[in-house]
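S.K.: First the structure, then my questions, so here it is.
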Amino acid sequence: DGGITQSPKYLFRKEGQNVTLSCEQNLNHDAMYWYRQDPGQGLRLIYYSQIVNDFQKGDIAEGYSVSREKKESFPLTVTSAQKNPTAFYLCASSIWGLDTEAFFGQGTRLTVV
Amino acid sequence: RKEVEQDPGPFNVPEGATVAFNCTYSNSASQSFFWYRQDCRKEPKLLMSVYSSGNEDGRFTAQLNRASQYISLLIRDSKLSDSATYLCVVIPNTGNQFYFGTGTSLTVIP
């Protein structure tokens, strides 16, 4: 079955540690995205990638980093520079362009203690 | 100013009621519009696209008003299973990302 997979579903880390969230898709989509969701704030874009080896900052990129070495994979690293990393992280992919649907992974709930 | 704004609700309605949500967008050149549904602690999923002429899918009707820059979602004959958060989504004319509203929470009460 085609889809987008995020792992792990729940993640706990100590403050000051970097952590990497995995996102893999087998939909052959060019575009991939990372969003952060906090209660009452909807989805905010962290980074997006239109094509392999290229990515762009979204609205809240500070404290995060990404890579896009393969079309299928778009991992997100939450660094110790991110001041408030506890959140629900959603990865999505789509065909690039207008009138296109975003397919989401099941999300990773990160808690930093 | 936010790209997309929604009334967060919550909307609490009895079964069988009709409920409507609105969403405004700031970029007049926006090209594509959608409603997504998100269940509690789950990922968003596409509910329906919104077309200029308006479109219907069963009990759901979506409309676009370009002059006033808003989109709407009407749910008729509400079911308990309609309880969720509804997110409006806009793609700008540059086609480079999805802008999500904060979501409107709906609870259908027996």
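S.K.: How big is the charge dipole of chain A about its Cα centre, in debye rounded to the nearest 20, if each Lys and Arg gets +1 on its Cβ and each Asp and Glu gets -1 on its Cβ?
M.R.: 480 debye
S.K.: Could you name every residue in region B:11-44 that has 10 Å² or more less accessible surface in the full protein assembly than in its own chain alone (probe 1.4 Å, ligands and nucleic acids excluded)?
M.R.: Buried by 10 Å² or more upon assembly, which counts only protein chains, are B:31, B:32, B:34, B:36, B:38, B:41, B:42, B:43, B:44.
S.K.: Now for a different question. Kindly rank A:41-47, B:50-56 from highest to lowest mean number of other beta carbons found within 10 Å of each residue.
M.R.: A:41-47, B:50-56
S.K.: So, in Å, what gap is there between the alpha-carbon centers of region A:48-107 and region B:32-85?
M.R.: Taking the Cα centre of region B:32-85 as reference, the centre of region A:48-107 is 25 Å away.
S.K.: What is the antiparallel percent of DSSP beta bridges lying wholly in chain B, to the nearest 5?
M.R.: Approximately 90 percent, going by the DSSP bridge assignments.
S.K.: Summarise the accessible area of chain A (1.4 Å probe, protein heavy atoms) by the percent that is carbon and sulfur.
M.R.: That share works out to 46 percent.
S.K.: Using a 1.4 angstrom probe, figure out how much accessible area region A:4-113 has per residue, in square angstrom, rounded to the nearest whole.
M.R.: 49 Å²
S.K.: Over the whole of A:94-106, what's the average partner chain Cβ count within 10 Å per residue? Rounded to a whole number, please.
M.R.: Per residue, the average neighbour count from other chains is 5.
S.K.: Based on the alpha-carbon set only, what is the convex hull volume of region A:1-88 divided per residue, in Å³?
M.R.: In region A:1-88, the Cα hull volume divided by residue count equals 99 Å³.
S.K.: So what does residue B:94 come to for accessible area, using a 1.4 Å probe and Å² rounded to 10?
M.R.: 90 Å²
S.K.: Please compute the volume of the convex hull spanned by the alpha-carbon atoms of chain B and report it per residue in Å³.
M.R.: About 96 Å³ per residue, rounded to a whole number.
S.K.: Which value, in debye to the nearest 20, describes the size of the charge dipole of chain B about its Cα centre when Lys and Arg Cβ atoms bear +1, Asp and Glu Cβ atoms bear -1, and nothing else is charged?
M.R.: Around 160 debye, computed over chain B.
S.K.: Enumerate the lysines that residue B:2 could reach by cross-link, defined here as Cα to Cα under 18 Å, with residues fewer than 8 away along the same chain left out.
M.R.: In chain and number order, the partners are A:57.
S.K.: Show me the ranking of peptides A:94-104, A:11-21, A:25-35 by mean Cβ neighbours inside 10 Å, starting with the highest.
M.R.: With the highest mean Cβ count within 10 Å placed first, the list reads A:25-35, A:94-104, A:11-21.
The values are calculated or read from the model by the stated rules, or taken from the named source; none is laboratory data. None of these values were measured; they are calculated from a predicted model. Heads up, the Cβs are rebuilt from the backbone with ideal geometry, glycines too, and the neighbour counts pull from every protein chain shown. Calculation scope for accessible area: heavy atoms of the full protein, side chains included, ligands and nucleic acids excluded. Shrake-Rupley method; radii C 1.70, N 1.55, O 1.52, S 1.80 Å.
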